[in-house]
1. Expressed as a rounded percentage, what relative contact order does the chain have, with Cα pairs under 8 Å and six or more residues apart?
2. Sorted by mean Cβ packing within 10 Å, highest first, what order do the peptides 556-566, 503-513, 178-188 take?
3. Summarise the accessible area of the range 47-193 (1.4 Å probe, protein heavy atoms) by the percent that is carbon and sulfur.
4. Alpha carbons only, please: Rg and Dmax for the range 660-736, in angstrom.
5. Taking 19 Å as the cut-off for C-alpha to C-alpha distance, list the pairs among Lys866/Lys886; Lys854/Lys895; Lys365/Lys425; Lys365/Lys442 that go past it.
6. Using the Karplus curve 6.51 cos²θ - 1.76 cosθ + 1.60 with θ = phi - 60°, work out ³J(HN,Hα) for each residue of the range 972-984 in order, rounded to whole Hz, and write x for Gly and Pro.
7. Residue by residue through the range 802-819, which ³J(HN,Hα) values in whole Hz follow from phi under the Karplus form 6.51 cos²θ - 1.76 cosθ + 1.60 (θ = phi - 60°), with glycine and proline marked x?
8. For the range 712-766, with all protein chains present and a 1.4 Å probe, just round the carbon and sulfur fraction of the accessible area to a whole percent.
Amino acid sequence: MFFYLSKKIAIPNNVRLKCISWNKDQGFIACGGEEGLLKVLKLETQTDDAKLKGLAAPSNLSMNQTLEGHSGAVQVITWNEQYQKLTTSDQNGLIIVWMLYKGSWYEEMINNRNKSVVRSMSWNSDGQKICIVYEDGAVIVGSVDGNRIWGKDLKGIQLCHVAWSADSKILLFGMANGEIHIYDNQGNFIMKMKLNCLVNVTGAISIAGIHWYHGTEGYVEPDCPCLAICFDNGRCQIMRHENDQNPILVDTGMNVVSIQWNHTGSVLAVAGSQRVVTQEKDINSVQFYTPFGEHLGALKVPGKQMTALSWEGGGLKIALAVDSFIYFANIRPDYKFVLVLCNSIGTPLDPKYIDIVPLFVAMTKTHVIAASKEAFYTWQYRVAKKLTALEINQITRSRKEGRERIYHVDDIPSGSLDGVLDYKKAIQGTRDPICAITASDKTLIVGRESGTVQRYSLPNVALIQKYCLHCRAYQLSLNCNSSRLAIIDISGVLTFFDLDVRVTDSTGQQVTGELLKLERKDVWDMKWAKDNPDLFAMMEKTRMYVFRNLDPEEPIQTSGYICNFEDLEIKSVLLDEILKNPEHPNKDYIMNFEVRSLRDSRALIEKVGIEDASQFIENNPHPRLWRLLAEAALQKLDLDTAEQAFVRCRDYQGIKFVKRLGNLQSESMKKAEVVTYFGRFEEAERMYLEMDRRDLAIGLRLKLGDWFRVLQLLKTGSGDADDSLLEQAHNAIGDYFADRQKWLNAVQYYVQGRNQERLAECYYMLEDLEGLENLANSLPENHKLLPEIAEMFERVGMCEQAVNAFLKCNQPKSAVDSCVHLNQWNKAVELAKSHNMKEIGSLLARYASHLLEKNKTLDAIELYRKASYFFDAAKLMFKVADDEAKKRTKPLRVKKLYVLSALLIEQYHEQMKNAQRGKVQGKNSQATSALAGLMEEEAQSTTSRFTDNAWRGAEAYHFFILAQRQLYEGYVDTALKTALHLRDYEDIIPAVEIYSLLALCACACRAFGTCSKAFIKLESLDSLTAEQKQQYEDLALEIFTKHIPKDNRKSELNSILEGGEGKLPTCIATGSPIIEYQFWMCKVCKHYVLAQEITNYSFCPLCHSPVD
């Protein structure tokens, strides 16, 4: 950070100043002094020159108003920036509040206590309250509109300072004896502040200043110190809050008169005077510190006595009240940057994390060097394309040894493998810290605080030489051939050191290196030219000087930081202006300046002519000047001079261009080519069209990629336009709009350019799925774009369109996958069947499991049935029927479900027979093939219940329903016969229901013997509770006390019904056994009905298939 005096304003009649305050928001400067002097000034930049921006722009007084009202010396001035009020007080205790009205300041309020003098006034952070302290200990807190909020007399205390906390909850009162007391905002005493900076201090001291930064612009970092307290003896402490037990302690070493934070709380300025041994009188000085007590620099100020200082709102200027003058100083801050390795268009290439704090950074073509105070780290980041073979060889050798190394500043590396990546070195301290570094491709220079400069070789880091300078370097810079070092010290003095010159010192010893005699003061930036070791530019205050062989050219007025010096042009950037609004930088803040030789050459060419200019450039050769001459000669079609100049600046493309121009016959054609060379394309096109060479105009626009103009030229020209070129132009314009995501515009051009691929993409991005479908329909079969379009449809869930597209390009497998992905299983199975795909089984299994997960069992059954997987369908159907039976659903519904299950099993039997019949066709009889089918089916089937007794469930519920129907219709005898069949189905119908029904039927039929057996069975069932069994016993007792448990009439069929081995078939219509030879058998379920009974039925009573 550098500081220099820039302006001085004298107060009329040599009236001495006492105080000064700069309004941070509106820029007004108020200064007060003896004899009631009070002035309000305002500095404003007024310039028409676009290049004069920032600190370099001349500033004049736009306001200079003297405010009348005080008779005694004005001692205290404070601004209320929120309400645009100025509060002042004089030695008589008179307080005046001033307000701005129509561009001038007027009295708004006056207050005079007449008892004591005001020592300090302070507005709180939001401008709502003011605290005024008087010397006699009186404290008054008032509101912005002039009302008194509270007042207090602190007895026996002399007050001299006051400060509010940022949240307006705390007040600090500074006493005349140097103590600081902490009060709350209602005037209640809390505690005395501990002043660590006054430990071991003797004698009388007084407070020079208290400034509490309110955080209005944020803090430098979290928990940053913001309360500065300084005493007249130079001792200072910077605290995080009023109770900070570990404040930052600073000894400024001078007699302090005033302190103030800048607008962001990042720099504390301390003004005062210090004794210099070599001089009799004290020297005025302003010292600058960070919130953490680091010294940033000092500014010497002329004059006898400095009384006050105040920062400008932007933090780039400071105002100082000295005697009867106001001095202004400019501040050149060090802007902090993040280090990221990027290419020329700003793309980050290679991040690197290091464990040292990179206080200083330098970069060459192959290395990045970062240094802390104790150590420096080197990183070889890449091999540049333009390096020589020798350089590449050196770099690759060092790469094998390690691309990253770290060295301690006290080490003496020899260039071998001693620079390993050991961060322990960085932790070791040093008595002589690093203060600056610079590097070129061959040399690394490290400056230390003692003035020692260490020179290392690169890329293999070896300590070559140590030099001793008599200053502490702040900025170091090597010229392009590493022969000369520029040093800017912390005082802003620029000196130069020749690194390789051998000279004899005062003792007669031969030493390497010599300090040159050139010295410049108030320098804050410099840059060597990249292509000339004797050329450099430097910033001195607000002037830029260019030096050639240590001789300066006339200065240029600017305040920019120099970022590049090459080809006799200096690129400068106004960082101050950019960082006022860093999110929206302006190109105008980057400025280019030409050195005198370039300006003179241009003037000679324009005013005198090419020949004289050629002679001047011959005497002052530089590739940039030859290029300037070549371009001027080209414009005048002086091809010989142009060629010579291109040769001198080694521009091979330029030489080839001149040769090509020489081969052209037409003068107008030559002119058009030259105009094109200089980038004046509109003019060149117009010239081509005037020559009736539309093809050349189109060719020019093609090279430029200006497809809009190409299309325009193709359409406006006479004759047929080239169709392929027209198509290319339409597609290129479509690409232009597509790149900017203007899909609607892109579609129009892609349609004309017949670019189906990009058209599909545009339709997809626009979600114009109808357009996409039409495009898919218009494409021929097996077109390469169809799979892509199908995938687009699949991504948006349009299954049918996706399938059609996949089928059109002969990809049924992808079509099936698409259906599966979109859960369109029916479609998937249908496609798999129609295209005879082998994986239909696994597909069905996946779909069925998907349906079962969602409890859609009947859908899964239907799926299997449609796909002719009858056995799987039957298994699921049996499960459904069993589940329904357990739920005690209506018996008819359960019967139907069992019938459906059995029918599916019958279809499965038929399928197996047919499959086997197909296998053995032509070998044996039909009976053999059917038998083989059954054998295979038996081998495959694992669940005998399903295949062998498929109808058992249906039979059980059929007889269960039939018995109850017969009972209710009054056919008690047949009902009993039917109910007796149910004894065989205890595994399907709960036993309690079977024997309850049997007992009921037997009772109705007066077959009490059978009824008794049924009751015995019921009472022995484990599934019944004791209470239920008791109820059955009670009922049985009631019945059998009245009736003997014997069947009244012995049924002739009883023996048969209880039969065993030779059990007769049962009629499913009546439940009676069939003892006749005439009966009917169902073709589907293979069950029997009595011949006389079947005539009453059109459908089988069990399976409901039609009766033939």
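1. Values: 2009 pairs, mean separation 43.4, N = 1108.
Over the chain, the number comes to 4 percent.
2. Numbers: 556-566: 19.7, 503-513: 10.1, 178-188: 15.3.
Packing order, densest peptide first, comes out as 556-566, 178-188, 503-513.
3. Values: 3000 of 6640 Å².
So the carbon and sulfur contribution to the accessible surface is 45 percent.
4. Both quantities, over Cα of the range 660-736: 13.1, 39 Å.
5. Violating the 19 Å Cα-Cα cut-off are Lys866/Lys886; Lys854/Lys895; Lys365/Lys425.
6. For the range 972-984, the Karplus curve yields 5, 5, 5, 4, 5, 4, 5, 5, 4, 5, 5, 4, 7 Hz.
7. Those phi angles translate into 5, 4, 4, 5, 5, 5, 5, 9, 6, 10, x, 4, 5, 4, 5, 4, 4, 4 Hz.
8. With neighbouring chains kept in place, the figure for the range 712-766 is 42 percent.
The values are calculated or read from the model by the stated rules, or taken from the named source; none is laboratory data. Everything numeric here is computed off the predicted structure, so don't read it as measured data. Note that we place each Cβ from the backbone using ideal geometry, even for glycine, and neighbour counts take in every protein chain shown. Surface areas here come from the heavy atoms of the whole protein model, side chains and all, with no ligands, DNA or RNA. Shrake-Rupley method; radii C 1.70, N 1.55, O 1.52, S 1.80 Å.
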